[in-house]
Amino acid sequence: MDDADGTERTNTDETTDDLQEEVEAALRQVRDPDAGKDVFEAGLVSDIAVSEGAVTVVADLTDFRPQEGEQVTSAMLRAVSEVPGVEHAHIERETGASADEDRSTGLADVDRVIAVASAKGGVGKTTVATHIACAMAGADRDVGLFDADIHGPNVPEVLEVSGPVYSDDDGNPLPVEAGELDVMSVGLMESGAPLAWRGAMAHDALSELFEDTAWGDLDTLVVDLPPGTGDVVLTTLQEVHLDGVVFVTTPFHAAVTDTARSLDLFEENDVPVLGVAVNMAGFTCPSCGDEHDLFEHGEPLDGLDAPVLAELEFDPSVQATPRPGELPEQMQRLGEDARERCEDVWAVDAPDDAVDLRGVDADGRHDRVREGFDATERGEAFVLVSDRDPAPVRSFIASLSAEADGPGDLDPFEVERLNPETWVLRTVRP
């Protein structure tokens, strides 16, 4: 057979062209999960090579997180492999800048860390922790969940996530995704391995994951602590700045009594107790609508010396896999209340004489600093409150002093971060 240009085409050429068309048709059934388009419309397919039943698809997946990229790769590979006549299929991923290259490690760019703890096991702590994290995620907030329960890492099972855990270019583990929630757990790193770790080994494992995981810029990191007050809990109190803790208990008298004692440990370590979530506080019969106590001789909650954030009914819907935006109402409300409680605990009232830059745009910030500086006499304290690190303002204040024929050296010059969203700068006008 001849082409229009007069060159002869073989049956092999026709077969190859037909196979390529069928491969392209199969790939059009694979969707880009972010763009909602097929892989061609989304620009993910760079090239297709077909040779004697062997198909190689070159795909540009550099904008995907590792876990998402692996899912798209697997879907493309399945689609191509199922085309009749394809004997071997290969997806070649283009290399390029990864979306995770700029992720910082550890907690350097984490605004707040909230722990979820319990005095006893079996009270639903991990269930509450996963729902709190999911409730806080979304709405333009980046949230992570760290499973610090080394001896019983159940977060992956509750969220139905699994490894493999990928690494960035520096070898730091990247969290896996559960919807809009970033997740890291020893259970992901040590799938199927025994976790009977003690003492120094538990300490080192926890510290390494905290220091090395590439969380990036997070609004909140929720930490699911193991029950009780063992090595991991003590390590966390010593090495991690916790902005608050939510305790989980049931109304069972022994659980409430132990919770009261555990609260003291966190308060002694200057960790604000945001409140207590009382799990399995009751049950409403779906048939008759009557409410029932699951613990007939429950302990009064008055002795906890902490606010009760929620009394959670036993609800079968909580057994569903939690995802941001898809939570039972009582769990969504609990997460929002915990976040608001944390903000209230760390709320700062600016001193009456302070220059308050919170919520002020860039141009307005300079004007307000100038006005405050001009209103301050030489030798008087100059105090500034900001919603971002105000250290760079130092050079601007020094220039204002120079304009007023004063020295440019600011001494003392102190910047203190009072909470995740508030800094205070203190100096003296030279």
Within the stretch 29-48, restricting to residues that are among the charged types (D, E, K, R) and surrounded by 15 or more Cβ atoms within 10 Å (Cβ to Cβ), the one that is nearest to Asp168 (Cα to Cα) is Asp32
Margin query: Take Leu334 and tell me if it is out of contact with any strand residue (DSSP E or B) (no Cβ under 8 Å at 6 or more places or on another chain), among the aliphatic types (A, V, I, L, M) and within 27 Å of Val222 (Cβ to Cβ).
Written below: no
Of (1) modelled with pLDDT of 90 or more; (2) in contact with a helix residue (DSSP H, G or I) (Cβ under 7 Å, 6 or more places away or on another chain), Ala306 satisfies every one except (1)
How many residues of the stretch 79-111 are hydrophobic (A, V, I, L, M, F, W, C) and modelled with pLDDT of 80 or more? The answer is 7
Scanning the stretch 49-80 for residues that are assigned to a strand (DSSP E or B) and crowded, with 18+ Cβ neighbours inside 10 Å gives Val50, Val55, Val57, Ala59
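The values are calculated or read from the model by the stated rules, or taken from the named source; none is laboratory data. Because the structure is a prediction, the values reported are computed rather than measured. All Cβ positions, glycine included, derive from the backbone under ideal geometry; neighbour counts span all protein chains shown.
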